[in-house]
Amino acid sequence: MIHNDINYHHLIGKVHSVSDVDELSNILEELKEYPTNNQLEKLFKSYIDDESPLIRCIAFEGLAKSEFKDTEIAQKAIEHLNDEDIVVMSCIELLAEYEYLEAVPYIKNLLRHLDAGVRCTAAEALGDMNCKAQLMDIVQTNKVEVNDLAKVGQRYGIYLLSNESDEIFALNRLIELLYSSNMTASYRVMNNLIAVLNERNRPLIFMAFQEKLKEKNITGFKTELEDNLKALKGS
């Protein structure tokens, strides 16, 4: 998508004249699909303290895609780590994308957050940021975790932070959750497995996707799973 197309200019022209939250969120979601230029960065910045949690969430998601990792924005994201859950998750993802290591102690504290999605996202972020010092904290939280979605993030983080000798065991623990009855958790596992795909683990992930396709109740993301399996076959 490019910034000189008609739709982009239409959305930019319309965004400040909209007061309905649903309509505004739809516009911002569309604009989020464009590469973040200076105009969009300023736009998203103007919404990070909006009264609507949904708008704040989308604003931080848009800023996470920015090529310039603004420390001021990272600090604002830290300030919003006690916000509504959807905002907290978007801020964690931004901080991980920025590789903003000053945020690690704050993200670590969220490993025991009340919301499973936040716990999941926090553990994923610590893995993505290569915070090996936090590995045992994630392992300990995973031992007592009861929610499959949170377990996904924890086991993803454990896999990324494990020594090479422990990688296969850690990957198998993540793959176990691909067969969870929690569809959100199962879908997230699929995406996480694609994210960590490499030559060493390709056969294991390929086999896991094949097994998952044998299930009868995966209509929610069967097409994506099939597409991923075809991509694995072709690569």
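Would you call VAL118 open to solvent by less than 20 Å² (accessible area, probe 1.4 Å) and closer than 22 Å to GLU79 by Cα? Working first, answer last.
Details: open to solvent by less than 20 Å² (accessible area, probe 1.4 Å): yes; closer than 22 Å to GLU79 by Cα: yes.
For VAL118, the condition - open to solvent by less than 20 Å² (accessible area, probe 1.4 Å) and closer than 22 Å to GLU79 by Cα - is met.
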Residue satisfying condition, being among the β-branched types (Val, Ile, Thr), touching a helix residue (DSSP H, G or I) at 6+ places or on another chain (Cβ under 7 Å), open to solvent by 50 Å² or more (accessible area, probe 1.4 Å) and outside any loop (DSSP other than H, G, I, E, B), within set ILE86, ILE92:
ILE86
Condition first: aliphatic (A, V, I, L, M) and in a helix (DSSP H, G or I). Now tell me which residues in the range 99-122 satisfy that.
LEU101, ALA103, VAL104, ILE107, LEU110, LEU111, ALA116, VAL118, ALA122
Pick from the range 214-225, criterion surrounded by 13 or more Cβ atoms within 10 Å (Cβ to Cβ) and assigned to a helix (DSSP H, G or I), ranking: modelled with the lowest pLDDT:
LYS222
Under 9 Å between Cβ atoms, which residue pairs at least 6 apart in sequence (or on different chains) link something in the range 4-19 that is closer than 16 Å to PRO35 by Cα with a partner that is loosely packed, with under 11 Cβ neighbours inside 10 Å?
ASN7/MET1; TYR8/MET1; TYR8/ILE2
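To keep it simple, each residue is scored yes or no on (1) modelled with pLDDT of 95 or more; (2) of a type in the set (Gly, Ala, Ser); (3) within 17 Å of the chain's Cα centre (by Cα); (4) closer than 19 Å to CYS120 by Cβ.
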residue	(1), (2), (3), (4)
LEU24	yes, no, no, no
LYS65	no, no, yes, no
PHE68	no, no, no, no
GLU93	yes, no, yes, yes
Looking for something part of a helix (DSSP H, G or I), open to solvent by less than 60 Å² (accessible area, probe 1.4 Å), closer than 19 Å to MET89 by Cα and of a type in the set (Asp, Glu) - is there at least one such residue anywhere in the range 167-182?
no
Return the residue satisfying two criteria in turn: it lies in the range 145-157 and is out of contact with any Cys (no Cβ under 9 Å at 6 or more places or on another chain) and open to solvent by 30 Å² or more (accessible area, probe 1.4 Å), and of such residues it is nearest to ARG173 (Cα to Cα).
ASP148
Test for LEU135: is it in contact with a helix residue (DSSP H, G or I) (Cβ under 6 Å, 6 or more places away or on another chain) and farther than 25 Å from ASN198 by Cα
no
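Taking the range 143-162, which residues are assigned to a loop (DSSP other than H, G, I, E, B) and either touching a Gly at 6+ places or on another chain (Cβ under 8 Å) or more than 12 Å from ARG119 (Cα to Cα) (or both)?
SER162 - this is the single residue of the range 143-162 that is assigned to a loop (DSSP other than H, G, I, E, B) and either touching a Gly at 6+ places or on another chain (Cβ under 8 Å) or more than 12 Å from ARG119 (Cα to Cα) (or both).
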Which residue pairs have Cβ atoms under 9 Å apart, sit 6 or more places apart or on different chains, and have a first residue in the range 91-105 that is farther than 13 Å from GLU72 by Cα and a second that is crowded, with 22+ Cβ neighbours inside 10 Å and hydroxyl-bearing (Ser, Thr, Tyr)?
ILE92/THR121; GLU93/THR121; ALA96/THR121
Within the range 175-197, identify whether any single residue is more than 21 Å from the chain's Cα centre (by Cα) and at negative phi, and answer yes or no.
no
Which numbered condition in (1) within 19 Å of the chain's Cα centre (by Cα); (2) surrounded by fewer than 18 Cβ atoms within 10 Å (Cβ to Cβ); (3) in contact (Cβ under 8 Å) with a residue 12 or more places away in the chain is the only one that ALA59 fails?
(2)
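The values are calculated or read from the model by the stated rules, or taken from the named source; none is laboratory data. Not measured: the values here are computed from a predicted model. Every residue, glycine among them, receives a Cβ derived from its backbone with ideal geometry; neighbour counts consider all protein chains shown. Areas reflect the complete protein model, heavy atoms only, side chains present, ligands, DNA and RNA absent. Shrake-Rupley method; radii C 1.70, N 1.55, O 1.52, S 1.80 Å.
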